[in-house]
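Have a look at the structure below, then the notes.
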Amino acid sequence: MRLPFALAKRFVAGETFKAAIPKVQELNQKGIKVSLDLLGENVKDRKTADATTVEYVDLLKGIKDMGLDSNISIKLTMLGLDIDEKYCIDNLNTLLDVAKENGQFIRLDMEGSPYTQRTIDILKQAHAEYPGHVGTVIQAMMHRTKNDIPDLVSVGADVRLCKGAYKEPSNIAIQNMPDIRQAFKGYAKQLLGVTPYPRMATHDDELIQFVLDYTKENGIAKDRFEMQMLYGLRQNTCEELAANGYNVRVYVPYGTMWMPYFTRRLRERKENVWFVVSTLFKK
Ligand code: FDA
């Protein structure tokens, strides 16, 4: 049984690209850039992965045709990583050909730990072939991140730093929030020091303030980094940051396969459950 979309609308911009367009335009009008994400993950059959690839190509073209200030975020398991790695890379290259032709950018979201190494390997190969058109995500909670950052930095990869949304065991990831925050701060400093334009993805006041203070104290200009947040969360903060001259990008998910994304948002913050309940009573 499919749950009604009304449940997800607090965090998901619509079930189709068409439905998401006005939300993207509204953000763009406020000086906020977007990363559109067609929801879905862990596709197990080629028919769905093929259809997804076609849908992403249409999305890239639609963004260009509509003149939206948006790149896209994708999950490699949507392109068939669980089916066959070579097939997944072929699908990704189909998208990157379009992105290259249109001057667009594709970010490979980071999924759970079984996919970390493969995502990094695929990113490095794609970055070598399509420089400036592809980047990935690093999760501060993962123990391996201390080695992955220098690895990605050495090839000049474009990196989004986040805490990490997937449940991982203690041998793989830090388990408590103060230590995850500490790790995030260290990696943020590192990325701000050695990469030209890192992306800081968090809604956490302590971390947002840390990035603002650190960049100010160290003379790092506002146009040298980007703050990123998820659609439906901290809209006022995004608008304030943009009004104060910071580069802000909102990750805007859409699509019918919203359940896993929606569940992660509810799990990471109990207040999000109340947001959902209150949304149900709003028109
Ligand atoms: P978290 O949810 O840990 O909250 C910490 C504190 O921040 C709260 O206690 C509260 O004080 C404050 N806060 C949070 N939300 C608030 C709100 N709505 N209003 C007021 N205060 C609030 N993960 C991943 O594994 N792979 C990926 O590719 C990505 N990609 C990604 C892109 C973008 C743009 C973002 C913002 C996030 C991701 N993530 C992700 C998700 C990320 O790893 C993480 O799970 C969530 O961002 C939650 O962590 P936060 O640091 O945002 O705050």
Long-range HN-HN contacts of L233 with modeled amide H, under 5 Å: none
Cα-Cα over 25 Å: which of K185/K216; K124/K163; K86/K185; K30/K222; K44/K167; K47/K86? K86/K185
In deg cm²/dmol, rounded to the nearest 500, the helical mean residue ellipticity at 222 nm of the chain, built from -39500 (n - 2.57) for every DSSP H run of length 4 or more, is -15500 deg cm²/dmol
Exposure proxy check on Y246, Y254, Y87: fewest-to-most Cβ neighbours within 10 Å is Y87, Y246, Y254
In sequence order, what are the phi-derived ³J(HN,Hα) couplings for segment 188-194 according to the Karplus relation 6.51 cos²θ - 1.76 cosθ + 1.60 with θ = phi - 60°, rounded to whole Hz, with x for glycine and proline? 4, 4, 4, 5, 5, x, 10
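Which ordering of S70, S113 is given by a fewest-first count of other beta-carbon atoms within 10 Å?
Details: S70 27, S113 19.
Going from least to most buried by this count: S113, S70.
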Which distance in Å, rounded to a whole number, links the C-alpha centroids of segment 172-201 and segment 45-78? 29 Å
If you look at just the Cα atoms of segment 2-279, how large are its Rg and its Dmax in Å? 17.7, 52
Once you put a point 7 Å from the Cα of N42 and another 7 Å from the Cα of Q25, both along the Cβ direction, what distance in nm separates them? 3.7 nm
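Every read-out reported here was derived from the displayed coordinates using simple, explicitly stated rules and does not represent laboratory data. Source: prediction; values computed, not measured. Cβ sites come from the backbone with ideal geometry, for glycine too, and all protein chains shown count toward neighbours.
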